[in-house]
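Quick notes on the structure that follows.
Please treat every number below as a calculation from the coordinates, not as lab data. All of these numbers come straight from a predicted model, not from anything done at the bench. A quick note on method: Cβ atoms are made from the backbone with ideal geometry, for glycine too, and the neighbour counts reach across all protein chains shown.
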């Protein structure tokens with residue numbers, strides 16, 4: 001009688017039927033389940049437990065779990081069942097919806113394989129290495145077991161193909177932050193940044209998800225030959241926003257504007273009466289401009305160049321010449337420095353000047369000589 005009942009029950013099931021069952025025993029390579037409303041046992045081979053490869057059945061289910069399963073095969077005293085097919089069928093519908101709406105979702109990385117990552121979403125999802133991060137990653141070994149956010153970039157149920165991207169999520173977030181930052185930036189702001197890239201014409205600085213350009217002329221108050229002489233990649237810097245072009249996403253920055261100017265403490269560096277050394281930068285008709293500190297030039301008026309009368313500064317000085325000067329006047333507000341070099345004139349020149357007789361004496365002697373000549377002519 002018992003055998004007849006089993007036969008009847010077995011005949012009531014066909015391949016493709018869905019059943020509900022409870023896990024009664026977990027073996028290494030298969031799982032035994034008790035089918036609801038039936039005295040029949042069901043067997044789930046390890047290959048039918050998950051869309052991913054697993055080493056032992058306990059990696060997928062535990063005793064007491066309630067499962068929905070699909071009948072694969074009807075045997076004399078048991079049913080061969082699949083958990084994987086039911087999970088996949090449910091998953092494809094949900095995944096299709098996520099794909100069409102562009103939803104972002106979180107999932108655990110189940111495995112790291114050659115070429116990328118594997119994720120279990122009821123079906124096997126693959127993340128190619130190029131779609132994991134927005135930056136290059138050399139070793140993915142520590143990604144296993146991590147939860148990441150993903151978007152579906154390719155889905156083909158017929159080919160059982162599901163391609164995911166974490167990079168797309170990262171780039172989408174970066175783009176949002178970039179737009180938010182562009183909207184919030186205002187000229188005149190001083191913010192922190194990091195030097196990202198150095199070129200011949202300046203340095204690009206990351207200010208929180210977007211790069212701005214510090215032109216070579218805005219790197220320092222001093223003349224800069226090469227940007228790499230002033231900044232290095234990875235260096236934290238403080239920058240001032242000069243302008244924001246939101247349409248073209250261009251930001252002009254300045255490091256120079258955040259630094260103390262060369263005239264900031266000029267009264268302490270060059271007090272009135274002090275002696276400084278400098279370099280003649282420019283010669284003009286009324287004097288010479290001398291650089292005494294980087295970015296600080298003072299004027300030596302033509303009357304302060306020499307103790308003797310000169311018609312042009314070129315008679316005494318040449319550009320690039322190093323000289324000593326005395327500070328006559330300091331004006332920080334107007335950034336003006338008045339200098340003199342007369343007292344540092346070489347002593348032999350001073351002596352030659354001192355030796356010359358006064359014009360009145362020379363004139364008297366000359367008249368006297370001419371008078372004598374005239375007297376002789378009259379005779």
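Observations
- The mean sequence separation of alpha-carbon pairs under 8 Å and at least six residues apart, normalised by the residue count of region 56-103, gives a relative contact order of 24 percent.
- Burial ordering of 105, 136, 293, fewest other beta-carbon atoms within 10 Å first: 136, 105, 293
- Reported to the nearest whole Å, the Cα centre-to-centre distance from region 195-267 to region 7-58 is 67.
- Mean separation of Cα contacts under 8 Å, 6 or more apart, over the residue count of the chain: relative contact order %: 8 percent
- Residues 132, 118 in ascending order of nearby Cβ atoms (within 10 Å, fewest first): 118, 132.
- For region 266-352, share of DSSP beta bridges that run antiparallel, in % to the nearest 5: 90 percent
- Most fluctuating residue given options 287, 311, 209, as computed from a GNM of the chain linking Cα atoms under 10 Å: 311
- Here is the P(r) of region 186-258: all C-alpha pair distances, binned every 5 Å from 0, give 4, 19, 33, 27, 14, 4, 0 in whole percents.
- Whole-angstrom gap from region 142-167 to region 280-351, using each part's C-alpha centre: 74 Å
- Among (1) 81, 49, 34; (2) 179, 37, 32; (3) 84, 55, 40, the entry derived from the coordinates for Cα extents along the principal axes in Å: (2)
- Residue order, fewest to most surrounding Cβ atoms within 10 angstrom, among 141, 217: 141, 217
- Gaussian network model of the chain, springs between alpha carbon atoms under 10 Å - residue of 271, 346, 45 with greatest fluctuation: 346
- Calculated [222 nm] ellipticity per residue, helices only, for the chain: -6500 deg cm²/dmol; basis is -39500 (n - 2.57) per DSSP H run with n ≥ 4, divided by all residues, nearest 500.
- Result for the chain in a Gaussian network model with C-alpha springs under 10 Å: among 38, 252, 340, the largest mean-square fluctuation is at 38.
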